[in-house]
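K.L.:
The structure follows.
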Amino acid sequence: MQKPILITIGDPNGIGPEICRKLMANLPKTKHPVVLVGESSFKGKVQPGKVSKAAGAASIAWVRQAVELVQAGKAAAVVTAPICKEAVEKTIPNFQGHTEFIGEMCGDKEPVLALVHGDWVVAHVSTHVSLAEAIKKANPKRIVKVGKLLNNFLKKYKGIKNPKIGVAGINPHAGEHGLFGKEEIQSIMPAVKKLRSMKINAIGPLPADVVFPQLKSKVFDGVIAMYHDQGHVVTKTLAFNLGDKREVGGVNTTLGLPVLRTSVDHGVGFDIAGKNKADPASLGDALLLADKLA
C-alpha cells in the first residue's frame with residue numbers, strides 16, 4: 001500500500017478547515033491515500049477571522065507533526081492549508097512562513113519556493129523578506145542554487161531533458177546595461193554564466209515584463225523570479241479570481257528538500273472564514289501535484 005499524503009488543515013480560524021472538508025467530500029483520484037492532520041476541537045476557541053495565539057500554535061504544531069511523519073518514512077508528502085503568520089509568530093518569534101519553517105526542520109535555512117499553475121512554473125530567489133533585503137539576497141550563489149533546483153524540478157514535473165529557463169532581472173528593463181542599477185551586471189549575469197557552464201539552459205537577465213509573457217507563451221519552461229512579489233503578483237493575477245466567485249488556483253511547492261511539500265497558493269481568507277465561500281481548487285491542485293511528484 002502506498003504511503004499517505006498528509007494534509008495539514010491550517011489555521012482553525014481561517015478557511016483551511018473548510019477547504020479541507022470540501023476537498024475530502026469530492027476527493028480527486030490519487031495514487032496515495034489522503035489523511036488530514038489537525039483536530040476538530042483544538043485546545044482553543046474557534047473564532048472565524050480572528051488572529052489567535054492558540055490557533056497559530058495549533059496550526060504550526062500540525063505542520064511539525066506531518067513533516068516528522070514524512071521524515072520518519074511513514075508518509076509520502078505534506079500538503080499544507082494556509083496558516084496565519086501573525087498568529088504563529090506569537091509563539092515562534094521571527095516566524096516567516098511554511099517554506100522557511102519546513103526548510104529549517106530539514107536542515108536548509110534558505111529553501112526555494114516555486115509557484116506552479118499547469119505549465120506555469122516560477123521559482124523565487126527570495127520570499128518573505130523586505131525588498132531591500134531581497135536585493136541583497138539576489139547574489140550569484142543563491143541564483144545558481146535556485147537555477148539548479150528549478151532545472152531538476154522541471155525535468156521531473158514536465159519530463160523535459162533540457163528545460164529552457166528564463167531569468168528575470170531585478171531592476172526595470174533588467175537594468176538597461178547598468179543605467180537603472182548594477183545588480184544584473186554584478187550578480188545575475190555571473191550566475192547565468194555559471195548555470196550555462198553546468199549545461200543548464202538559463203537565459204537572462206531579461207526584463208520581468210518580457211520574461212513572464214514569454215513564459216505564458218511557452219518560450220520558457222520555467223522562470224527564476226528575483227523576489228516574492230515579482231513572481232507572485234503575475235502568477236496570482238493569472239490564477240485567481242477574487243470577485244464574487246472567489247476562485248483560486250495554483251500551487252506553492254518547496255524545492256530541494258528531503259520532505260516533499262506542496263501548498264495552496266493563497267492565504268487564510270479571514271474575510272470569508274466561516275461563510276462557506278472558500279474555493280478548494282488550489283488545495284486540490286496541491287494534492288494532485290504532491291501525488292504526482294511522490
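The values are calculated or read from the model by the stated rules, or taken from the named source; none is laboratory data. Just so it is clear, the structure is predicted and the values come from calculations on it, not from any experiment. Every residue, glycine as well, gets a Cβ built from its backbone with ideal geometry; the counts of neighbours run over all protein chains shown.
K.L.:
I'd like the full set of residues that are among the aliphatic types (A, V, I, L, M) and either surrounded by 23 or more Cβ atoms within 10 Å (Cβ to Cβ) or touching a Pro at 6+ places or on another chain (Cβ under 9 Å) (or both), limited to the range 150-184.
P.N.:
Passing the criteria: LEU150, LEU154, ILE165, VAL167, ALA168, ILE170, ALA174.
K.L.:
Right, something else. Looking at ASN139, is it in contact with a strand residue (DSSP E or B) (Cβ under 8 Å, 6 or more places away or on another chain) and either more than 28 Å from LEU287 (Cβ to Cβ) or buried (at least 18 other Cβ atoms within 10 Å of the Cβ) (or both)?
P.N.:
Taking the combined requirement at face value, the residue does not satisfy it.
K.L.:
So in the range 18-52, with the set limited to residues that are under 20 Å from ALA290 (Cβ atoms) and in contact with a Gly (Cβ under 7 Å, 6 or more places away or on another chain), which one is surrounded by the most Cβ atoms within 10 Å (Cβ to Cβ)?
P.N.:
Filtering the range 18-52 for residues that are under 20 Å from ALA290 (Cβ atoms) and in contact with a Gly (Cβ under 7 Å, 6 or more places away or on another chain), the one surrounded by the most Cβ atoms within 10 Å (Cβ to Cβ) comes out as LEU23.
K.L.:
Just checking, how many residues over the range 103-119 are part of a strand (DSSP E or B) and surrounded by fewer than 21 Cβ atoms within 10 Å (Cβ to Cβ)?
P.N.:
Selection size over the range 103-119: 1.
K.L.:
Considering only residues of the range 260-279 that are of a type in the set (Val, Ile, Thr) and part of a loop (DSSP other than H, G, I, E, B), which is farthest from VAL121 (Cα to Cα)?
P.N.:
Ranking the candidates gives ILE272 first.
K.L.:
Can I ask one more? Filter the range 74-102 for residues that are of a type outside the set (Phe, Trp, Tyr), assigned to a helix (DSSP H, G or I) and over 26 Å from GLY169 (Cβ atoms) and give the result.
P.N.:
Listed by number, the residues that qualify are LYS85, GLU86, ALA87, VAL88, GLU89, HIS98, ILE102.
K.L.:
Contact list please: Cβ distance under 6 Å, first residue in the range 139-166 and in the same structural domain as MET226 (by TED's automatic domain parsing), second residue modelled with pLDDT of 95 or more and among the aromatic types (Phe, Trp, Tyr), pairs at least six apart or on different chains.
P.N.:
Pairs that qualify, where the first residue is in the same structural domain as MET226 (by TED's automatic domain parsing) and the partner is modelled with pLDDT of 95 or more and among the aromatic types (Phe, Trp, Tyr), are LYS164/PHE220; GLY166/PHE220.
K.L.:
Determine whether the range 27-43 contains at least one residue that is farther than 22 Å from VAL248 by Cα and not in a loop (DSSP other than H, G, I, E, B).
P.N.:
Looking for residues that are farther than 22 Å from VAL248 by Cα and not in a loop (DSSP other than H, G, I, E, B), one finds at least one in the range 27-43, hence yes.
K.L.:
While we're looking at this one, here's another question. Looking only at the range 50-73, decide whether some residue is out of contact with any strand residue (DSSP E or B) (no Cβ under 9 Å at 6 or more places or on another chain), within 19 Å of LEU283 (Cα to Cα) and assigned to a loop (DSSP other than H, G, I, E, B).
P.N.:
No, that holds for no residue.
K.L.:
Also, quick follow-up: Looking at the range 210-222, which of its residues are over 14 Å from ALA174 (Cα atoms) and surrounded by 21 or more Cβ atoms within 10 Å (Cβ to Cβ)?
P.N.:
Those that are over 14 Å from ALA174 (Cα atoms) and surrounded by 21 or more Cβ atoms within 10 Å (Cβ to Cβ): LEU215, PHE220, ASP221, GLY222.
K.L.:
Now for a separate question. Which count do you get for residues in the range 244-259 that are more than 19 Å from ASN276 (Cβ to Cβ) and not in a loop (DSSP other than H, G, I, E, B)?
P.N.:
Counting residues in the range 244-259 that are more than 19 Å from ASN276 (Cβ to Cβ) and not in a loop (DSSP other than H, G, I, E, B) gives 5.
K.L.:
What residue, of GLN71, GLN65, GLN96, is free of Cβ contacts under 8 Å to residues at least 60 places away in the same chain, more than 14 Å from ILE9 (Cα to Cα) and assigned by TED's automatic domain parsing to the domain that holds LEU23?
P.N.:
GLN96
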